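*Asks:* The structure follows.
The values are calculated or read from the model by the stated rules, or taken from the named source; none is laboratory data. Since this is a predicted model, take the numbers as computed values, not measurements. Cβ placement follows ideal geometry from the backbone for every residue including glycine, while neighbour counts extend to all protein chains displayed. Please note that ligands, DNA and RNA were not included when accessible areas were found on the heavy atoms of the full protein model with its side chains. Shrake-Rupley method; radii C 1.70, N 1.55, O 1.52, S 1.80 Å.
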Amino acid sequence: MSTPLQARIDLDTRRVISPISPLLFSGFAEHMGRCIYEGIYDPASPHADANGLRQDVLAALRELNFRAMRYPGGNFLSGYRWEDGIGPREQRPRRRDLAWQSIETNQFGTDEFMAFCELVNTQPMMAVNLGTGTIQDAANLIEYCNAPAGTLYADKRAANGHADPYSVKYWCLGNEMDGPWQIGHLEAAAYGLKAREAAKLMRWHDPSIQLVLCGSSNNVIPSYPEWDRVALEHCWDLIDYHSIHYYADNRDEDTASFLALSAAFEAYVDTLAGTLRYVKAKQRSKKEVYLSWDEWNVAYKLPGPDKVIREWSEAPPIAEEVYNLEDALVIAQWLNVFLRKSDVLKIACLAQVVNIIAPILTTREALLKQSIYYPLMLFSRLAAGDALDVRVRSPFYTTRKFGDMPLLDVSASVDEASGQNAVFIVNRSQTDSLTVTLNWQDRAPQQIKAVHRVAGSDPKAANSYAYPNQIVAHPAAVPRLDGRSATLIVPPLSFTAVETLL
Ligand code: AHR
């Protein structure tokens, strides 16, 4: 009989990377496919409240505890006239949405989104259209959302039933403006100039807002990372965050490499963190700009840049992914990376939240939680306080894309205020369990409160409406605490979250 594989994780609560920004657990809802319409807002559903909002969807989103919600796009944003979506519903225009070649009814707009945010206990992260939109449109939207009543746009908001400003803090300056597929795409310098002027006007309306600049839309586009440098140099003094987007997939059916993707995520963050440091130094600046990973997920069905959908229908079912176990393990690693890079990464928005590339699928009557729902929920609930620099000794395995990689991918957090400590462990092996010794180097925990696990034997196993519980989070055996250490077995293809009271 072969000896079981051994690993060791050393934690020291004094070895802190950075405070974990709660905004790392945020989401993204776009007017695309069935995300808003038929997902969040569906007056025809038996689950809809009097305002057409799906109560079952709201409850599932509340459980994920998204700290912010990016809206309204996405590629949709770059052709959106936000004034179409306010005022009496029967007067709102139906328009062709060129980004997704669908019909936009405008029955859901800014005020409905604010009400939705309040109900799911999240804060809005709005975006201004810098494609077809002017800097004046951007300024007007800030006035509508954040100015006290007494001037035109703020009075429109009051007339629409909201006397008090919404005080939206986070604002994105356009979306993926580097991409030729974007409506009104701009070269980096042209975008930098436009974003700068928009930012100026927006800040003059409300100096308390925080602004997110468009970074490259992926790391394979030829203009990456030069786009980032140029845009940042134009806008450095006016912005707070720089965006990063990435969609992962296992199209070539190489699960060993897919399960090692955290290497690619970290390299991407490192390049952009280097770009931030370069621009900061060049500008002789004392201020910091952080990264906002405001689109991230596994995606297979997203229409490519040369997409031709042309359905011209309302809420067509675009990019409705079915997520499996290996996808959930990649999502867990991604969240590990967020903690390990928490010094530079301060916002991350899962793209998206319902139906489109989402943890939640709906039919008019039913709701399905997909595999990726569970790691998202566990991190959002347990990761708090500071991220720890954990030391991991693990056996390695060989991948085609990343060479030799450790079998374990780990992160940890400690919240001194509550004493809550969490260790997040992905076992990438498709065949082997690992015996893992957790070692708290600087103090003995009081108690291991719980162990939560998402696991299975088939990387392709997925939930369905007929079988909704194939891949869910289960409680696992709580190991005996032996002073400063505990030993647990993590099965192959698993994600384990160990919840401890220090
Ligand atoms: O999230 C789906 C789309 O992917 C977004 O609209 C766009 O920003 C990205 O390319």
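Yes/no matrix, rows are residues, columns are (1) over 23 Å from the mean Cα position of the chain (by Cα); (2) more than 22 Å from Glu295 (Cβ to Cβ); (3) buried (at least 19 other Cβ atoms within 10 Å of the Cβ):
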site	(1), (2), (3)
Gln136	yes, yes, no
Ala149	yes, yes, no
Gly161	yes, yes, no
Tyr170	no, no, yes
Leu173	no, no, yes
Glu176	no, no, yes
Glu187	yes, no, no
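*Asks:* Now, a different point. Please specify each residue of segment 130-159 satisfying the condition of being farther than 25 Å from Gly192 by Cα and assigned to a helix (DSSP H, G or I). Spell out how you get there, then give the answer.
*Replies:* Residues of segment 130-159 farther than 25 Å from Gly192 by Cα: 147-159.
Those that are farther than 25 Å from Gly192 by Cα and assigned to a helix (DSSP H, G or I): Leu152, Tyr153, Ala154, Asp155, Lys156, Arg157, Ala158, Ala159.
*Asks:* Anything in segment 187-234 that is more than 21 Å from Asn75 (Cβ to Cβ) and β-branched (Val, Ile, Thr)? List them, or say none.
*Replies:* Matches in segment 187-234: Ile209, Val230.
*Asks:* Here's another thing I want to ask about it. Filter segment 59-99 down to the residues that are of a type in the set (S, T, N, Q) and open to solvent by 10 Å² or more (accessible area, probe 1.4 Å), then identify the one that is nearest to Tyr246 (Cα to Cα). It would help to see each step written out before you state the result.
*Replies:* So the first thing to find is which residues in segment 59-99 are of a type in the set (S, T, N, Q), and the list is 65, 75, 78, 91.
From what's left, open to solvent by 10 Å² or more (accessible area, probe 1.4 Å): 65, 75, 91.
On the way: Asn65: 22, Asn75: 14, Gln91: 38 Å.
Only one residue fits best here, namely Asn75.
*Asks:* Now a separate question. Looking at Ser78, Ser45 in this structure, which one is assigned by TED's automatic domain parsing to the domain that holds Gly161, small (Gly, Ala, Ser) and within 18 Å of Phe28 (Cβ to Cβ)?
*Replies:* Details: Ser45 fails: within 18 Å of Phe28 (Cβ to Cβ).
Of Ser78, Ser45, the one residue that is assigned by TED's automatic domain parsing to the domain that holds Gly161, small (Gly, Ala, Ser) and within 18 Å of Phe28 (Cβ to Cβ) is Ser78.
*Asks:* If you don't mind, there's one more thing I want to ask. Just give me the residues in segment 242-275 being within 16 Å of the ligand (Cβ to nearest atom) and either farther than 23 Å from Leu302 by Cα or crowded, with 18+ Cβ neighbours inside 10 Å (or both), in sequence order.
*Replies:* If the condition is that a residue be within 16 Å of the ligand (Cβ to nearest atom) and either farther than 23 Å from Leu302 by Cα or crowded, with 18+ Cβ neighbours inside 10 Å (or both), then His242, Ser243, Ile244, His245, Tyr246, Ala248, Tyr268 are the ones that fit.
*Asks:* Let me ask another. Any idea which of Ile40, Ile9, Ile103 is of a type in the set (A, V, I, L, M, F, W, C), at pLDDT 95 or above, in contact with a strand residue (DSSP E or B) (Cβ under 7 Å, 6 or more places away or on another chain) and assigned by TED's automatic domain parsing to the domain that holds Thr431? Talk me through it step by step, then tell me what you get.
*Replies:* On the way: Ile40 fails: assigned by TED's automatic domain parsing to the domain that holds Thr431; Ile103 fails: assigned by TED's automatic domain parsing to the domain that holds Thr431.
It is Ile9.
*Asks:* If you go through segment 414-422 one residue at a time, do you hit one that is outside the structural domain of Trp334 (by TED's automatic domain parsing), at pLDDT 95 or above and at positive phi?
*Replies:* Yes, segment 414-422 contains at least one residue that is outside the structural domain of Trp334 (by TED's automatic domain parsing), at pLDDT 95 or above and at positive phi.
*Asks:* Tally time: how many residues in segment 69-121 are among the small types (Gly, Ala, Ser), in contact with an Asp or Glu (Cβ under 9 Å, 6 or more places away or on another chain) and under 17 Å from Gly39 (Cα atoms)?
*Replies:* 4
*Asks:* Looking at Ala477, is it among the hydrophobic types (A, V, I, L, M, F, W, C), over 12 Å from Leu438 (Cα atoms) and outside the structural domain of Ser371 (by TED's automatic domain parsing)?
*Replies:* Yes, satisfied.
*Asks:* List the number of the failed condition for Gln430; all other conditions in (1) assigned to a loop (DSSP other than H, G, I, E, B); (2) under 30 Å from the mean Cα position of the chain (by Cα); (3) closer than 23 Å to Arg484 by Cα; (4) of a type outside the set (Ser, Thr, Tyr) hold.
*Replies:* Gln430 satisfies all of (1) assigned to a loop (DSSP other than H, G, I, E, B); (2) under 30 Å from the mean Cα position of the chain (by Cα); (3) closer than 23 Å to Arg484 by Cα; (4) of a type outside the set (Ser, Thr, Tyr) except (3).
*Asks:* Checking the condition touching a residue at least 12 places away in the same chain (Cβ under 8 Å), aromatic (Phe, Trp, Tyr) and either touching a His at 6+ places or on another chain (Cβ under 9 Å) or outside the structural domain of Ile36 (by TED's automatic domain parsing) (or both), which residue from Phe113, Phe108 passes?
*Replies:* On the way: Phe113 fails: either touching a His at 6+ places or on another chain (Cβ under 9 Å) or outside the structural domain of Ile36 (by TED's automatic domain parsing) (or both).
Going through Phe113, Phe108 in turn, the sole match is Phe108.
*Asks:* I've got another one for you. For segment 69-86, give me each residue that is farther than 23 Å from Pro180 by Cα and within 16 Å of the ligand (Cβ to nearest atom).
*Replies:* Within segment 69-86, Met69 is the sole residue that qualifies.
*Asks:* Considering only segment 187-222, how many residues are touching a residue at least 12 places away in the same chain (Cβ under 8 Å), outside any helix (DSSP H, G or I) and away from the ligand (no atom under 15 Å from the Cβ)?
*Replies:* 5
*Asks:* May I pose another question? Pairs please, first residue from segment 288-300 and assigned by TED's automatic domain parsing to the domain that holds Ile356 and open to solvent by 10 Å² or more (accessible area, probe 1.4 Å), second anywhere and basic (Lys, Arg) and away from the ligand (no atom under 16 Å from the Cβ), Cβ atoms under 9 Å, 6+ apart in sequence or on different chains.
*Replies:* Glu288/Lys280; Tyr290/Lys346; Tyr300/Arg251
*Asks:* Being open to solvent by 20 Å² or more (accessible area, probe 1.4 Å), more than 16 Å from the ligand (Cβ to nearest atom) and either hydrophobic (A, V, I, L, M, F, W, C) or not in a loop (DSSP other than H, G, I, E, B) (or both) is the filter here, so list the residues in segment 24-58 that pass it. Reasoning before the result, please.
*Replies:* Of the residues in segment 24-58, the ones open to solvent by 20 Å² or more (accessible area, probe 1.4 Å) are 34, 37-38, 41, 43-44, 46-51, 55-56.
Next, from what is left, pick out any that are more than 16 Å from the ligand (Cβ to nearest atom): 38, 41, 43-44, 46-51, 55-56.
Across segment 24-58, the qualifying residues are Tyr41, Ala44, Ala48, Ala50, Gln55, Asp56.
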